[in-house]
């Protein structure tokens, strides 16, 4: 990198030279070691962690170990929604911490992650819904987070294609919008963090799968991989849906179960939906990407799976709901559907903290809300891996909370992931 | 008059960009336009380059048009995948002001500034600035204009089962389907085209003496006659677990008005699946290989033989294998001059090649370098023959870089791929499900291999396996396209490799290769070859991206099917819905249920009505419909064990004929539901619960009985819908009820059997409102008479019906919690003041979780409190409880209500350490509603603390 | 869309069934709190075969123990519980 700084001028220079001067965005890392920190998992969170370790804590002997290609897991499969408008205060603090980072991320990384605060809108379909949205909005504003309770007319102005009939199956009574929320280009986040971390000396080692842990009594001293043993001072697991599998290699069981979540995208069309639309009554959400396709999703598949595929009925449900909100969607064509493996924690909130093994840390259990937390999660995890202490914002999300009864249950749905 | 294997003769009129043309029944729009000499159909996505037809099927990348008008407009339709119908209206897309003169073409001039991924390298600054650039990007992106109105078409879902599903009615598929029906199997055959025949529709082959197309039509007849189901215009789009296949049937063409269903989503469960999905032709990669007039060799052949259209006057064939030679013969048959056949092989042999040599100029070691454009059409081809550069004048270039088997469904089903170097293609490997691939999809192009004893007459001889097309080495200036739809060139692929996006997944996402509506059908293998070449790897090691459903784009409406409008989700109506309507009820959703909210009188506001109703209950008598509440009967010698497991309160000492309030906990100790428990007999219990929790309670009871108690001698029956429930409450209720039943009413928390208006009822003397009250259960189908009797009785003393809002006001005064409001799934019994109610002997679901340290001691937890508005101003529901405005919340108002008994405003709330803060003054702050109401914290009970109202 | 072989009803579509929990996570009413909370809050969550508890909710209502591979979805065995 270095001389390869991105800018409009550099693009112009590239144009004149047939774009031959561009170098690799990140080196093809080779396992070396010993490292101060190994991050297992080359998704957005893991790469962000490595970046912040180097950038903020000056720890550069860091390796990110990824079994496939970086960003190939949930980072490349989500529906790109970024927001912090949750209800529980601990989650509000955590996601707002992350949202603030989103707002400066492209410049920080010198990589346009295309963060677009086009608004994240929750719809209300009844007076009861509106009261709940008002409560959420009140809680957010009281915590210093932006929220706007808007009426039917304002909602209709935001998305003119909404079905605003009062006798619709789910009439739209109003909404709560977080204007600072929106979308980002998911792949760019992984690549941006990778390039920035690599530039600071982090080794990004792809196609290297962790097959075990190196132990010294109760202490984890490194990892065993398909490319050899690598020693580390501290090791951080950051593998989303594979958390159970990797933790199992250390003999650990977690309050996490891996479930499938599907999503779909339509062919690209000219702009028709300018904001992110979500409904908690309907469990569906959709937005329009910069390429023009409508990206949407809904409920997960409700049973454990690592297969990254689900049943078509889930797609049918979320699409039927999206069409009932925006009838004009009906004639658009779905071009692709896909699935990710979500790490469903047993209170619906992430786990960032120590494990029972010394030197081994965990960041996982993000359920289907991980993408929006990418920079925040990385920075908080870096803090933990660098200092051995949890940042105050991450502290409530420790692994011990389940045994102690301090769960953070946004949905109030309890431990079973399929009830979430 | 045109003659072709696929056209019928009946003339059809259609328009394209406002101009009228004539086509023939059986034409695709693409063929009809070509027949009319229209060769410019579209502008490409990014560079707005002029584009014509490349392929003759679903794999067409560029010729996308908008079909239909108004509500039926459908953008991004492949011109080669829509069949003519009378009155077809088509418009070009993505060009302004016209297709011929498109200002977007300026993008081509600045293309050096906008290579793949350029947007990642610029547009920095605050997000607000990015959003300004983004507005232009979004406007430039997108191919077609989306519809603005609701979809008038209707879509159906159908399920079907078969022993054998055959995908594809080409020769291999038809042969397989015939064998299966003749063996007596239940067969379904699906074909995405409008005609059966597949490759036979673009060849001059006769089978058993008839032209291939006719043989195919007859084969379909035979399959149907034998009981097989043949679905034409039906694409198998997804192959899911256990041979579950989704297929989409088009009953009308895009933009066409349908009288019945426009499309049907078939859900097929199959014993065996035979994939005869054919193979797609690969383009050749050379500079400007996208000029209108350049098309796949198979497409040119289809134009000639199926549609009787000459794709040009002077044609060059460019190929790396034998099959494209067939195109030369087909075109020559229509009088097209074959200027040259450029074969990239050094020494091609075989009868087909030799036959061609006899008629046409065949040049070996020859391949195209550049398509030469004049205006918007092909004028010639620059080629290299050996080491000599040559130019050919031509208005058509038919190219072929080999055939790639269509293996999408095989891969979706988890099948493996085997790379065949000779063919330069992936062939189906081991299948994970009961599925087999035949025909061209398995790399077998020789008809004799699957038509068996049929006599095949192919003047050009059987087809021989293909070789991969040559790798483009940039020998001429110009853009060499790998993905035509997203305008991805070899330069973009090289850039991706250079920048380290080396894996095929990264390359794809960085360059947008294969992410268009054609899903990379043409470009996938070609791109892989280029990537492998860049990385110095054998092709199969460069990887292959995952194939995802749907195989071709599917209309969203088809997924929704019948779930539209009111049918988007079921609505549950109470047994007494009609009676409530007659009384003028205003309905409100409660989950999937619709429940009466209030019964408005003329001139009343909602608030006035609900307060009137609530006061009516406090002073006289009222009837409210509580039918939607959950109800379960548990009976048998071990019934008590079930009840004790589920209910966290003492139950064993409850006498027969008595009831009590109870709570049910989740395994994590949180309050899951609450209700009443009644002992109907020694071994027979009735448990009620909340409306919203009914399904959850049913599952929970079943789990407790069958799993935790290992099938005790007890039956657990969900009687929620057997009984309608009517709560009859108020100081006059007892007297009125005694009159109606002709017997004394049960004491408070007692029960009795009775008869009202001739219907058997059970009377449970429980109160939610705080007045002397009776919950009357009657069989749902007998409810109308009982309801009428109760309402009449209440009205007789000046009372009447009341709804959900009034019921809510009443229960707030009594401090009753509601599941979902106060009991929000995060509250343990002690939080809600119910800690003292728990059974000390334990043994109920959730007891262990309550022993956890943070729960055993309630310090710092939110607790249920009552809040009273100090100035009488209504308290906004959901407002935050704060010490000072602007501070972080210490709680929130869960429910707000007017005082029913008296004046003023009250509410219930959850407040940190609420139990120790009675008397404190706080603010109920709602910044969203711009309200800040001073409140006083107190006991969550505002009425009749002694329970005097329950005593007769 | 999986076909699950209900011992009572034969192979039926997955939509008729509901996944409840992994077989090793059942909390018995007489389990000590530590044992109960461990069972409730920890899972092996293997990237392979596990024993699971399902119920034929839209069918016969039978509770079932399935041994199922979470990568391939292949069902090795189904027993009534």
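Estimated from helices alone, the mean residue ellipticity of chain B at 222 nm is -5500 deg cm²/dmol (sum of -39500 (n - 2.57) over DSSP H runs with n ≥ 4, per residue). If you average the C-alpha positions of region B:796-832 and of region B:936-952 separately, how far apart do those two centres end up, in angstrom? That distance is 14 Å.
Note on region C:1-25 and region A:218-235: Cα centroid distance 40 Å, given to the nearest whole angstrom.
The angle between the Cα long axis of helix B:783-796 and the longest principal axis of the Cα atoms of chain B comes to about 40 degrees, rounded to the nearest 10. A simple spin-label model places the labels of residue B:573 and residue A:207 6.4 nm from each other, with each point 7 Å out along Cα-to-Cβ. With contacts taken as Cα pairs under 8 Å and at least 6 residues apart, chain A reaches a relative contact order of 22 percent.
Considering only beta bridges that DSSP places wholly inside the protein assembly as shown, some 75 percent are antiparallel.
Once C-alpha pairs closer than 8 Å and six or more residues apart are averaged by separation and normalised to the residue number of region B:316-376, the relative contact order reads 35 percent.
Using C-alpha pairs under 8 Å with a sequence gap of at least 6, the mean separation divided by the residue count of chain B gives a relative contact order of 8 percent. Semi-axes of the equivalent ellipsoid of region B:109-215 are 51, 22, 15 Å, computed as sqrt(5λ) over the eigenvalues of the C-alpha gyration tensor in descending order. Of interest is the spacing of the C-alpha centroids, which for region B:440-518 and region B:129-152 amounts to 31 Å. Calculated FRET efficiency, residue A:358 to residue A:21, Cβ-Cβ distance, R0 = 45 Å: about 0.45 to the nearest 0.05. A full extension of the chain between residue B:432 and residue B:136 corresponds to an added length of 101.9 nm, given 0.36 nm per residue minus the alpha carbon distance.
Mean per-residue shielding of peptide B:855-866 is 1, counting Cβ atoms of other chains within 10 Å of each Cβ. Here chain C is treated as an ellipsoid with the same Cα gyration tensor; its semi-axes, largest first and in whole Å, are 24, 16, 9. State the Kirkwood hydrodynamic radius of region B:374-526 in Å, one decimal place, computed from all pairs of distinct Cα atoms. Taking every pair of different Cα atoms in region B:374-526, averaging 1/r and inverting gives 18.5 Å. Taking label positions 7 Å along the Cα-Cβ direction at both residue B:477 and residue B:385, the computed distance is 2.5 nm, reported to one decimal. FRET efficiency for the residue B:566 to residue B:854 pair, using the beta carbon distance and R₀ = 56 Å, is estimated at 0.75. Helix A:44-57 and the longest principal axis of the Cα set of chain A meet at an angle near 60°.
Were the residues from residue B:337 through residue B:918 laid out at 0.36 nm apart, the gain over their Cα-Cα distance would be 199.3 nm. If I fit a long axis through the Cα atoms of helix B:804-813 and take the longest principal axis of the Cα atoms of chain B, what angle between them do I get, 0 to 90°, rounded to 10? For B:804-813 against chain B, the angle is about 50 degrees. Over the Cα atoms of region B:77-121, each weighted equally, I'd like the Debye log10 I(q)/I(0) at q = 0.17, 0.20, 0.29 Å⁻¹, rounded to two decimals. Each listed q corresponds, in turn, to -0.72, -0.81, -1.01. Applying 0.36 nm per residue to the separation of residue B:1 and residue B:217 and subtracting their alpha-carbon distance, the gain on full extension is 75.5 nm. Kirkwood Rh over alpha-carbon pairs of the protein assembly as shown, then Stokes-Einstein at 20 °C and 1.002 mPa s: what D in µm² s⁻¹, rounded to an integer? Calculated translational D: 62 µm²/s. A simple spin-label model places the labels of residue B:592 and residue C:60 2.4 nm from each other, with each point 7 Å out along Cα-to-Cβ.
Each 10 Å bin from zero holds the following percent of Cα-Cα pairs in region B:372-422: 18, 28, 20, 22, 13. When the convex hull of its Cα atoms is viewed from all sides, region A:99-245 shows a mean projected area of 13.7 nm². Overall dimensions of chain B, expressed as equivalent-ellipsoid semi-axes from the Cα gyration tensor (√(5λ), whole Å, largest first), are 73, 32, 27.
Counting Cβ atoms of other protein chains within 10 Å of each Cβ in A:286-296 and taking the mean gives 4.
FRET efficiency for the residue B:743 to residue A:154 pair, using the beta carbon distance and R₀ = 56 Å, is estimated at 0.45. Sorted from greatest to least, the principal axis extents spanned by the alpha carbons of chain A come out as 66, 62, 41 Å. So the label point goes 7 Å from the Cα of residue B:903 along Cα→C-beta, right? Which residues of region B:923-937 then have their backbone N under 14 Å from it? Within reach of a label on residue B:903, which here means backbone N under 14 Å from a point 7 Å along Cα→Cβ, region B:923-937 contributes nothing.
Readers should treat all values here as calculations from the given coordinates under stated rules, not as data from a laboratory. Keep in mind that this is a model prediction, so the values were computed, not measured. No Cβ is skipped: glycine too gets one built from the backbone with ideal geometry, and neighbour counts run over all protein chains shown.
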